[in-house]
Amino acid sequence: MQAFCLALLRENFPSHAETTRVLTHPILMANFRLVTDVLIVGAGPVGLFLANECARRKLRYRIIEAKASQSEHSKALAIFPRTMEIFDMAGVVDPFLKAANRVTSVSVITHGHRLAHMHFAPDQSPYSFVSMVPQNVTESLLVEELKRKGGAVEYETRFVGSVAKDDRVIATLEHNGESQQISAAYVIGCDGAHSAVRHAIGVSLEGGEYLDSFMLADIESNDALPVDELQLCPSEKGPVAVFPISATRRRIVATIEEQQGDAPSLELVRKVIGERAPEGLTAKALHWSSYFRIHHRHASKLREGRMFIAGDAAHIHSPFGGQGMNTGLQDVWNLVWKLDLVINGRAGEQLLDSYSAERVPVIKNVIQTTDMLTKVLGTPNRLAQVLRNAVIPMVSRLAPFQHAFVQRLSELGIAYEGSPIVEGAGERYFDDGLRGGNISGFQMLIGGDAEDAIRDAAKRLSESHRGLLEMRSIPEHGIKLVRPDGYLAYEGRSNALALNSIQEVLELQTGERTNSAA
């Protein structure tokens, strides 16, 4: 009876919001538990992006948020090229392009002396810049995109706990002092550093804590500094980073030994700028400021049964480098296509194990990079400062260093080599065929050097995985299998061996041997 009622409701109220409205009627609530494919806990950028992807893929979902509304503060700011590519593949990039201030260079400046100036323009991506979009704007854009898809955030709704039962998770939620239960196939915790979902699954964060506090301030400034340049400022008093939001608005991030008041004052911000920031920069007014303590920690695993964690719930690290939000967005991008295949019966549960296997090494690398950057910029050791200031000008001019710097900061260098579901290096792939939010399955790319017999065999392979594998031609040589998240699952020469390997990789990821043989 319950299944019949749910089917009837979905038929007559196809949007998630309408179905939720009807299902939460008190009379119906007394009769059966709410059912969904994915329960998303937390409506920050990571949770909102995941909800958008669930909606695009037509998965049933609910997204809850303990707060009464979206954040009004800018918090995270930088969106890097790989994340912009992901937004493009998800079909949500256009409003971000309109909102962004584009940064194309990074300078390292100390005591009025420029140690390095590096161009940030990776030519392998159409998004050859850092997009400066304040977090409150990011959240607003993702909320609007979700509304266009018929979805909505359920505010003032708190995740209380959960119980695993057969092939479901029974989650208890609380809204306006009243509790309700929801039966979800999967629960994804995108609920921040103090994640209730992480605590529920008994996973702790491993790592350490920075001794100093951090100061964050958005200021109205003069236009003395370039609007398209990010400045990193080493100092014996602690590092400072200056992010341009616009020509006359900037984000200041700095370590600080002693907090003064509940939030940094304009006077304190001016003092830090005067002591450590590039010459000529002035703070005319203070839009918003905050103190915060930060750790460099991560979860050893991102899954326990049918429950997952992503974003700040899974990793916390220094704000220098601006990698936190980007890493979280890419967490759920890695996870959602796997959930899609499993929920729709195109893959087995074992595919979901690859989420931790692939993302934890990436997270560790990000934490190591941001931790090293923070310590190098802020070392109190005089000898280390002299050495740093001598080495940076030399190495920053070297092409290999510049390439490595851009690859790391842009996140274009992320790859999944060693993944249990990848054959080869697992490198990023992006072309026009992946853009626009129309791709949800695998793509088999056949190079211009392939003979007709290979093309015919590739076509048969594609048809045997109908709805999962799309074949298209590319001008380059060879054959590639591109995952739904834009990473290579396989790359080889245009021959029958390559097609056999693709078949094996697909079977490894989806378990569709029987279906493909049919």
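The values are calculated or read from the model by the stated rules, or taken from the named source; none is laboratory data. Keep in mind that this is a model prediction, so the values were computed, not measured. So basically every Cβ, Gly included, is an ideal-geometry build from the backbone, and we count neighbours across all protein chains shown.
Filtering the range 34-80 to residues that are of a type in the set (Gly, Ala, Ser) and either touching a helix residue (DSSP H, G or I) at 6+ places or on another chain (Cβ under 9 Å) or in a strand (DSSP E or B) (or both) leaves Gly42, Ala43, Gly44, Gly47, Ala51, Ala55, Ala66, Ser71, Ser74, Ala76, Ala78.
Counting only helices (runs of 4 or more DSSP H) that fall entirely inside the range 407-518 and contain at least 2 residues that are touching a Lys or Arg at 6+ places or on another chain (Cβ under 8 Å), the qualifying elements are 496-510.
Determine the pairs where a residue that is without any contact (Cβ under 8 Å) to a residue 12 or more places away in the chain, located within the range 93-121, has a partner that is part of a strand (DSSP E or B) with Cβ atoms under 6 Å apart, the partner being 6 or more residues away or on another chain. Close Cβ pairs satisfying both conditions: Arg114/Ser107.
Checked against the criterion of being touching a residue at least 60 places away in the same chain (Cβ under 8 Å) and either of a type in the set (Ser, Thr, Tyr) or over 17 Å from Glu65 (Cα atoms) (or both), the range 171-178 contains not a single residue that satisfies it.
Of the residues Val106, Val92, which is in contact with a Phe, Trp or Tyr (Cβ under 6 Å, 6 or more places away or on another chain) and of a type outside the set (Asp, Glu)?
Working: Val92 fails: in contact with a Phe, Trp or Tyr (Cβ under 6 Å, 6 or more places away or on another chain).
After ruling out the rest, the residue left standing is Val106.
Among the candidates Ala152, Ala171, Ala185, which residue alone is touching a Ser or Thr at 6+ places or on another chain (Cβ under 6 Å), outside the structural domain of Val93 (by TED's automatic domain parsing) and of a type outside the set (Lys, Arg)? Give the steps one after another, and end with the answer.
Values: Ala152 fails: touching a Ser or Thr at 6+ places or on another chain (Cβ under 6 Å); Ala185 fails: touching a Ser or Thr at 6+ places or on another chain (Cβ under 6 Å).
On inspection, the qualifying residue turns out to be Ala171.
Residues in the range 233-251 that are in contact with a helix residue (DSSP H, G or I) (Cβ under 6 Å, 6 or more places away or on another chain) and in a strand (DSSP E or B) were compared, and the one that is farthest from Ser74 (Cα to Cα) is Cys233. Given the conditions (1) outside the structural domain of Ile309 (by TED's automatic domain parsing); (2) out of contact with any helix residue (DSSP H, G or I) (no Cβ under 9 Å at 6 or more places or on another chain), which single one is not true for Ala164? So the condition that Ala164 fails would be (1). Restricting the range 464-518 to residues that are touching a Phe, Trp or Tyr at 6+ places or on another chain (Cβ under 6 Å) and of a type in the set (Gly, Ala, Ser) leaves a set whose member that is modelled with the lowest pLDDT is Ser501.
Being of a type outside the set (A, V, I, L, M, F, W, C), farther than 27 Å from Gly207 by Cβ and modelled with pLDDT of 90 or more narrows it down to one residue among Asp432, Asp353; which is it? Before the answer, list the steps.
Details: Asp353 fails: farther than 27 Å from Gly207 by Cβ.
Exactly one residue qualifies, and that residue is Asp432.
For Ala404, the conditions (1) assigned to a strand (DSSP E or B); (2) among the hydrophobic types (A, V, I, L, M, F, W, C); (3) over 29 Å from Met471 (Cα atoms) are fulfilled apart from (1). Checked against (1) in contact (Cβ under 8 Å) with a residue 40 or more places away in the chain; (2) more than 19 Å from Thr510 (Cα to Cα), Ala458 passes all but a single condition, namely (2). You will find that of Leu352, Leu373, Leu409, the residue that is among the aliphatic types (A, V, I, L, M) and assigned by TED's automatic domain parsing to the domain that holds Arg303 is Leu352 and no other.
Checking the condition loosely packed, with under 14 Cβ neighbours inside 10 Å and modelled with pLDDT of 95 or more, which residue from Lys147, Lys165 passes?
On the way: Lys165 fails: modelled with pLDDT of 95 or more.
Checking each option against the conditions leaves just Lys147.
One residue stands out in the range 334-358 among those that are over 18 Å from Gly426 (Cβ atoms) and acidic (Asp, Glu): the one that is surrounded by the most Cβ atoms within 10 Å (Cβ to Cβ), namely Asp340. Could you please find all residues in the range 436-463 being closer than 23 Å to Cys54 by Cβ and either at pLDDT 95 or above or surrounded by 16 or more Cβ atoms within 10 Å (Cβ to Cβ) (or both)? Result: Gly437, Ile439, Ser440, Gly441, Phe442, Gln443.
Being part of a loop (DSSP other than H, G, I, E, B), over 18 Å from Arg198 (Cβ atoms) and not assigned by TED's automatic domain parsing to the domain that holds Ala241: is that true of Ala347 here? For Ala347, the condition - part of a loop (DSSP other than H, G, I, E, B), over 18 Å from Arg198 (Cβ atoms) and not assigned by TED's automatic domain parsing to the domain that holds Ala241 - is met.
Here Gly208 meets the list (1) at pLDDT below 95; (2) part of a loop (DSSP other than H, G, I, E, B); (3) surrounded by fewer than 16 Cβ atoms within 10 Å (Cβ to Cβ) almost entirely, failing just condition (2).
Can you name the residue in the range 274-314 that is part of a helix (DSSP H, G or I) and touching a strand residue (DSSP E or B) at 6+ places or on another chain (Cβ under 7 Å) and is also surrounded by the fewest Cβ atoms within 10 Å (Cβ to Cβ) among such residues?
Residues of the range 274-314 part of a helix (DSSP H, G or I): 274-276, 311-313.
The next check asks that each one be touching a strand residue (DSSP E or B) at 6+ places or on another chain (Cβ under 7 Å); those that pass are 276, 313.
Values: Arg276: 23, Ala313: 31.
Checking each candidate, the answer is Arg276.
Scanning the range 187-201 for residues that are modelled with pLDDT of 95 or more and surrounded by fewer than 21 Cβ atoms within 10 Å (Cβ to Cβ) yields Ala196, His199.
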